[in-house]
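Here is the structure we will look at, set down as structure tokens.
The values are calculated or read from the model by the stated rules, or taken from the named source; none is laboratory data. The shown structure was predicted, so the numbers you read here are calculated from the model rather than taken from an experiment. Cβ atoms come from the backbone with ideal geometry, glycine included; neighbour counts cover every protein chain shown.
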Amino acid sequence: MAALGPVFHAALVPGVVAIGGLTMGSDPIAMATSLTSAGSKQPVRWFSVRKEAKGHGQNKLVEGSVEPGEAVAVVDDVCTSGSSTVKAIEAARAFGLRVAQVIVLVNRQQSDGMANIQNAAGAGVPVTAIFTKADVKQRWQELRG
């Protein structure tokens, strides 16, 4: 988590005030980024999207320090088909958040995942990956010698 926060914080577009995504994959990224951002020029809060609403309480899918109308970054740990990230985008928008950016840690380069996310995010929303499967494989090979 100590490495994730600074990397994701540096990748945020201006105007993003909160970061989060579908629980559990996005939670460490969102929390680490929020912690890293404290005292910076772009402090961000974190939120989490439940896989399904609880059957009691406020019955919300989106939990955390966010308000409708705010610009957020949706994040995920891995992208294969993109379905969990798309679900988070849809839930964030249904809550009233403005998805300004999508970032995944590792794009597995399978099942048109990033294209699926881009289609859900829309043409004006940047969708990026910190690493690709090819990047990780190349670095692993370099380290093996």
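Tell me, yes or no, whether region 65-87 has at least one residue that is under 15 Å from VAL7 (Cα atoms) and either free of Cβ contacts under 8 Å to residues at least 12 places away in the same chain or polar (S, T, N, Q) (or both).
Among the residues of region 65-87, not one is under 15 Å from VAL7 (Cα atoms) and either free of Cβ contacts under 8 Å to residues at least 12 places away in the same chain or polar (S, T, N, Q) (or both), which makes the answer no.
I'd like the residue in region 125-145 that is over 19 Å from the mean Cα position of the chain (by Cα) and of a type in the set (Gly, Ala, Ser) and, out of all such residues, is surrounded by the fewest Cβ atoms within 10 Å (Cβ to Cβ). Spell out the reasoning first.
So in region 125-145, the residues over 19 Å from the mean Cα position of the chain (by Cα) come out as 134-145.
Next cut, of a type in the set (Gly, Ala, Ser) only: 134, 145.
On the way: ALA134: 11, GLY145: 4.
Taking the candidates together, the pick is GLY145.
Somewhere in region 13-27, is a residue within 24 Å of ALA123 (Cα to Cα), touching a helix residue (DSSP H, G or I) at 6+ places or on another chain (Cβ under 9 Å), assigned to a helix (DSSP H, G or I) and free of Cβ contacts under 8 Å to residues at least 60 places away in the same chain?
Kept after step one, since they are within 24 Å of ALA123 (Cα to Cα), are these residues of region 13-27: 13-22, 26.
Retained after the next criterion (residues that are touching a helix residue (DSSP H, G or I) at 6+ places or on another chain (Cβ under 9 Å)): 18-22, 26.
Filter again for assigned to a helix (DSSP H, G or I), leaving none.
No, there is no match, as no residue in region 13-27 is within 24 Å of ALA123 (Cα to Cα), touching a helix residue (DSSP H, G or I) at 6+ places or on another chain (Cβ under 9 Å), assigned to a helix (DSSP H, G or I) and free of Cβ contacts under 8 Å to residues at least 60 places away in the same chain.
Given (1) of a type in the set (Gly, Ala, Ser); (2) farther than 18 Å from ALA11 by Cβ; (3) surrounded by 13 or more Cβ atoms within 10 Å (Cβ to Cβ), identify the lone condition not met by ALA71.
Looking at each condition in turn, ALA71 falls short on (2).
Taking region 88-135, which residues are polar (S, T, N, Q), part of a helix (DSSP H, G or I) and touching a residue at least 40 places away in the same chain (Cβ under 8 Å)? I'd like the intermediate steps shown before the answer.
The initial filter retains those residues of region 88-135 that are polar (S, T, N, Q), namely 101, 107, 109-111, 116, 118-119, 128, 132.
Now restrict to residues that are part of a helix (DSSP H, G or I): 116, 118-119.
Hits for region 88-135: nothing passes.
List the number of the failed condition for ALA94; all other conditions in (1) surrounded by fewer than 15 Cβ atoms within 10 Å (Cβ to Cβ); (2) touching a helix residue (DSSP H, G or I) at 6+ places or on another chain (Cβ under 7 Å); (3) aliphatic (A, V, I, L, M) hold.
ALA94 satisfies all of (1) surrounded by fewer than 15 Cβ atoms within 10 Å (Cβ to Cβ); (2) touching a helix residue (DSSP H, G or I) at 6+ places or on another chain (Cβ under 7 Å); (3) aliphatic (A, V, I, L, M) except (2).
Hey, does region 51-58 have a residue that's assigned to a loop (DSSP other than H, G, I, E, B), at pLDDT 95 or above, surrounded by fewer than 18 Cβ atoms within 10 Å (Cβ to Cβ) and not small (Gly, Ala, Ser)? Working first, answer last.
Start the filter on region 51-58 by keeping residues that are assigned to a loop (DSSP other than H, G, I, E, B), which leaves 51-58.
This time we only want the ones that are at pLDDT 95 or above, so: none.
No, region 51-58 contains no residue that is assigned to a loop (DSSP other than H, G, I, E, B), at pLDDT 95 or above, surrounded by fewer than 18 Cβ atoms within 10 Å (Cβ to Cβ) and not small (Gly, Ala, Ser).
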